[in-house]
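Below: the structure, in structure tokens.
The values are calculated or read from the model by the stated rules, or taken from the named source; none is laboratory data. Not measured: the values here are computed from a predicted model. With ideal geometry, Cβ positions are generated from the backbone for all residues, glycine too; neighbour counts draw on all protein chains shown.
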Amino acid sequence: MKPLISVIIPCFNVSRYLPQCMESLERQTIGIGNLELIFVDDASTDGGATWCCITEFERRYPDSVIAVHLEKNGRQGGARNAGLCYANADYIGFVDSDDWIEPQMYERLYRCVRENECDIAGCRMFLNFSDGTEVPYEKEDVPEEFVRYEKSIIEGGSHWISDFIKSEYSAGIYAAVYRKELLGKPYVSFPEHMKYEDNYWQPVLLLYARSFYHLPDNLYHYRQHDASTVHERNDVRQFDRLDIELMKLDTYRKLGIFERFAKEIEWDFLGYYYANTLWKLWLLFDEPPYEVYVKMTDTVKGLFPDYRENPYLSGEQESLKHIMIGLIDKNLNRQQFLETGNVVLEWSRGDMEEKD
């Protein structure tokens, strides 16, 4: 029987966490028999512990589990691309191997895409910390929402990807299911051997989507620990995010939508390439690299010399993003760069405490 959803789980040295992840997949109310669980061991270096965990689960559910072993590490992007080669279902899901999901997640997401004939359905998630604390990623109460357009962006639709990606729902690529047909479109593949691969994959995928169903319920558990991609300190691979954003610009040009959505693309670039990365420099490096800040500033000025005329820049005067973007023309020296970072981090902590 053809599975309803193929779920791809990239694994690297995660024998400690896999049992909880597997149990949550095993308990899905949609029925494990309706799932195709593709575990990809991304050349783990833990003496076979991760691979043994995967193959044992495969022996328990030979009709539902596919065990894939990679000889060379491709990071999450490479592992997901490899897993997609084995996927047989019409809908695809992704789960990180150190996370877990609520029992009804896939049943509810599948019902959304089938009953509404939509391309994507996503839910919200919990952040789970090592001390046992569990908090919603976004605290706002939001309604259930279905967004549909007659044409995708590639087909000539006038909407932009931000109409699908809504922060209050916080549907990461793992807290969703996707119509498989979309994943075979041009340039829709995960960058390999890089961090922040999802920063590229999801926006490019959404260029081909016509509909997105947002479930307001927290059904995915996103484990927070210092070893995760977004928390590693003093790791130069954090700068992969710069290359990822340049890759997106190149893809937008190749797909012929750069001019049509020039201001939206520019605004997106200012946020992800510049503001978010600048935040990472100050937050995750004991000695924030001044040279990277200079490179980022020069790149923005070279690509978007008239960025201050962007209409999305208005109305953002009190946001952290606006403050960061305002530094592009400041030409800070090394000492000013470090001092500004301390001020911004302190300001942001106070702002978060007020929200709490």
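Below is a table of values for the structure above.
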| item | result |
| --- | --- |
| Residue within the range 183-198 that is outside any helix (DSSP H, G or I), β-branched (Val, Ile, Thr), at pLDDT 95 or above and over 24 Å from Glu102 (Cα atoms) present | yes |
| Qualifying positions in the range 286-306 - aromatic (Phe, Trp, Tyr) and more than 18 Å from Leu332 (Cα to Cα) | Phe304 |
| Some residue of the range 262-272 being surrounded by fewer than 15 Cβ atoms within 10 Å (Cβ to Cβ) and modelled with pLDDT of 95 or more | yes |
| Lone qualifier among Pro203, Pro289 - being assigned by TED's automatic domain parsing to the domain that holds Gly74 and either modelled with pLDDT under 95 or not hydrophobic (A, V, I, L, M, F, W, C) (or both) | Pro203 |
| Odd one out for Gly256 among (1) within 15 Å of the chain's Cα centre (by Cα); (2) outside the structural domain of Phe164 (by TED's automatic domain parsing) | (1) |
| Scope the range 1-47; condition among the charged types (D, E, K, R) and outside any strand (DSSP E or B); matching residues | Lys2, Arg16, Glu23, Glu26, Arg27, Asp42, Asp46 |
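Each row is one residue, and each column tells you yes or no for (1) farther than 20 Å from Tyr220 by Cβ; (2) within 22 Å of the chain's Cα centre (by Cα).
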position: Pro10; (1), (2): no, yes
position: Glu26; (1), (2): no, no
position: Asp46; (1), (2): yes, no
position: Cys52; (1), (2): yes, no
position: Ala79; (1), (2): no, yes
position: Asn88; (1), (2): yes, no
position: Asp96; (1), (2): no, yes
position: Met105; (1), (2): no, yes
